[in-house]
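Undergrad: First, the structure itself, so that you have it in front of you.
The values are calculated or read from the model by the stated rules, or taken from the named source; none is laboratory data. Computed from a predicted structure; not experimentally measured. No Cβ is skipped: glycine too gets one built from the backbone with ideal geometry, and neighbour counts run over all protein chains shown. Accessible surface is based on the protein model in full, side chains and every heavy atom, while ligands, DNA and RNA are left aside. Shrake-Rupley method; radii C 1.70, N 1.55, O 1.52, S 1.80 Å.
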Amino acid sequence: MTAEAVLITGGASGIGLTCARQAAARGARVAIVDINPSAAADAVATLEGHGHLAIAADVTDADAMRSAADQFADGGSITGVVAAAGIVSRLPLLDIDVSEFRRVLDINVIGVQNTISAAGPHLIRAGALGTVVVLGSAAAFTGGGLMGNGAYATSKAALIGLVRGYARELAPHRVRVNMVAPGATETPMTDVLSDTDRDRIAGMSLLGRLSKPEEIAAAIAFLLAPDAGTITGQILHVNGGVVFG
Ligand SMILES: NC(=O)c1ccc[n+]([C@@H]2O[C@H](COP(=O)([O-])OP(=O)(O)OC[C@H]3O[C@@H](n4cnc5c(N)ncnc54)[C@H](O)[C@@H]3O)[C@@H](O)[C@H]2O)c1
């Protein structure tokens, strides 16, 4: 039986790190791929089990991402990819300059494309066990206003097309590609919020609170599991009712 091997971008922090911990705890081999080398190494050191890798790479660098995927697969397969690396931008669309807008799109969109294409051949080798979960955001449906701005919302909306495009291309190989779209979640990304902003954002949720990273990671684990074997090209909303799918 093929052992579970999960590559997680942005795995050194927040949602990605929580996914890494959950995957390692269920016996998977994990690669944490992150632009922050020391945080990635520290994160891997805390994981249960053996054979995990910390790989320093910028998701915007296609060559680096190919090397990372090849190193982790080591001639075998990658069964799961969690594309969690991302940044938030809070500048209003009326003020944002083109270089900042491009930086958001580069990391949040091209970074995901680099990740899935780099892992592609190794996922295809895993066949029906191959699966990808991309981190979208409720912001794509609200136009921002939670954590990020319109540029962030634009980047996460673009990922919907990317996920469905890959779902179509990889389906003949039985590889599935889905999105989890969180609302505001308690991670270092939201630690920067003022109490006022935090209360305002919590108030946008029908349940009156932010999600915990474990709640997002549980939804991701559901989509990664073979039992989700006929779910592909879908968006799973985990946002306390901020938006309905
Ligand atoms: N936290 C939230 O409220 C929230 C809500 C909706 C969606 N999301 C999405 O979930 C994902 C994870 O968010 P989080 O809250 O865990 O964030 P986080 O800031 O805690 O972690 C992001 C990780 O990505 C890494 N990273 C950033 N740029 C990178 C790059 N160019 N190459 C490689 N790694 C890079 C960072 O070093 C960090 O370890 C993001 O895509 C984010 O947009 C988060």
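Undergrad: State which residue pairs qualify: first residue within 14 Å of Val133 (Cα to Cα) and inside the stretch 96-120, second residue modelled with pLDDT of 95 or more and among the aromatic types (Phe, Trp, Tyr) in any location, beta carbons under 7 Å apart, and separation of 6 or more residues or different chains.
TA: Ile116/Tyr166
Undergrad: Here is a follow-up. What tally of residues in the stretch 74-101 results from selecting those that are of a type in the set (S, T, N, Q) and open to solvent by 20 Å² or more (accessible area, probe 1.4 Å)?
TA: 2
Undergrad: Exactly one condition in (1) open to solvent by 60 Å² or more (accessible area, probe 1.4 Å); (2) touching an Asp or Glu at 6+ places or on another chain (Cβ under 8 Å); (3) away from the ligand (no atom under 15 Å from the Cβ) is false for Ala24; which is it?
TA: So Ala24 meets the others, but not (1).
Undergrad: Then there is this: Identify, by number, the condition in (1) within 12 Å of the ligand (Cβ to nearest atom); (2) of a type in the set (S, T, N, Q); (3) open to solvent by 20 Å² or more (accessible area, probe 1.4 Å) that Ser117 doesn't meet.
TA: Answer for Ser117: the failing condition is (1).
Undergrad: Between a first residue in the stretch 207-232 that is closer than 19 Å to Ser137 by Cβ and surrounded by fewer than 15 Cβ atoms within 10 Å (Cβ to Cβ) and a second residue that is at pLDDT 95 or above and among the charged types (D, E, K, R), which pairs have beta carbons less than 8 Å apart while being 6 or more apart in sequence or on different chains?
TA: Once the first residue is closer than 19 Å to Ser137 by Cβ and surrounded by fewer than 15 Cβ atoms within 10 Å (Cβ to Cβ) and sits in the stretch 207-232, its partners that are at pLDDT 95 or above and among the charged types (D, E, K, R) give Lys212/Glu186.
Undergrad: A further question on this structure: I'd like to know if the stretch 46-54 contains one or more residues that are farther than 26 Å from Ala151 by Cβ and outside any loop (DSSP other than H, G, I, E, B).
TA: yes
Undergrad: Looking at (1) over 21 Å from Cys19 (Cβ atoms); (2) within 16 Å of the ligand (Cβ to nearest atom), which one does Pro172 not meet, given that it meets all the others?
TA: For Pro172, the failing item is (2).
Undergrad: Another question, if that's okay. Taking the stretch 1-21 only, how many residues are among the aliphatic types (A, V, I, L, M), within 16 Å of the ligand (Cβ to nearest atom) and either closer than 20 Å to Ala118 by Cα or open to solvent by less than 20 Å² (accessible area, probe 1.4 Å) (or both)?
TA: 5
Undergrad: Test of understanding: among Val180, Val192, Val238, which residue is within 12 Å of the ligand (Cβ to nearest atom), without any contact (Cβ under 8 Å) to a residue 24 or more places away in the chain and not hydroxyl-bearing (Ser, Thr, Tyr)?
TA: Val192
Undergrad: Can you pull out the residues in the stretch 223-239 that are of a type in the set (A, V, I, L, M, F, W, C) and assigned to a loop (DSSP other than H, G, I, E, B)?
TA: Listed by number, the residues that qualify are Ala225, Ile231.
Undergrad: Determine whether the stretch 37-45 contains at least one residue that is more than 9 Å from the ligand (Cβ to nearest atom) and buried (at least 18 other Cβ atoms within 10 Å of the Cβ).
TA: Looking through the stretch 37-45, at least one residue is more than 9 Å from the ligand (Cβ to nearest atom) and buried (at least 18 other Cβ atoms within 10 Å of the Cβ).
Rundown of residues vs (1) without any contact (Cβ under 8 Å) to a residue 12 or more places away in the chain; (2) within 15 Å of the ligand (Cβ to nearest atom); (3) among the polar types (S, T, N, Q); (4) more than 21 Å from Leu129 (Cβ to Cβ), yes/no style:
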residue: Ala28; (1), (2), (3), (4): no, no, no, no
residue: Ala56; (1), (2), (3), (4): no, yes, no, yes
residue: Thr60; (1), (2), (3), (4): no, yes, yes, yes
residue: Asp63; (1), (2), (3), (4): yes, yes, no, yes
residue: Gly80; (1), (2), (3), (4): no, no, no, no
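Undergrad: Then there's this: Quick one: count up the residues across the stretch 172-206 that are open to solvent by 50 Å² or more (accessible area, probe 1.4 Å), at pLDDT 95 or above and either out of contact with any helix residue (DSSP H, G or I) (no Cβ under 9 Å at 6 or more places or on another chain) or among the small types (Gly, Ala, Ser) (or both).
TA: Qualifying residue count, the stretch 172-206: 2.
Undergrad: Could you grab me the full set of residues in the stretch 55-72 that are in a loop (DSSP other than H, G, I, E, B) and surrounded by fewer than 20 Cβ atoms within 10 Å (Cβ to Cβ)?
TA: Answer for the stretch 55-72, where residues must be in a loop (DSSP other than H, G, I, E, B) and surrounded by fewer than 20 Cβ atoms within 10 Å (Cβ to Cβ): Asp58, Thr60, Asp61.
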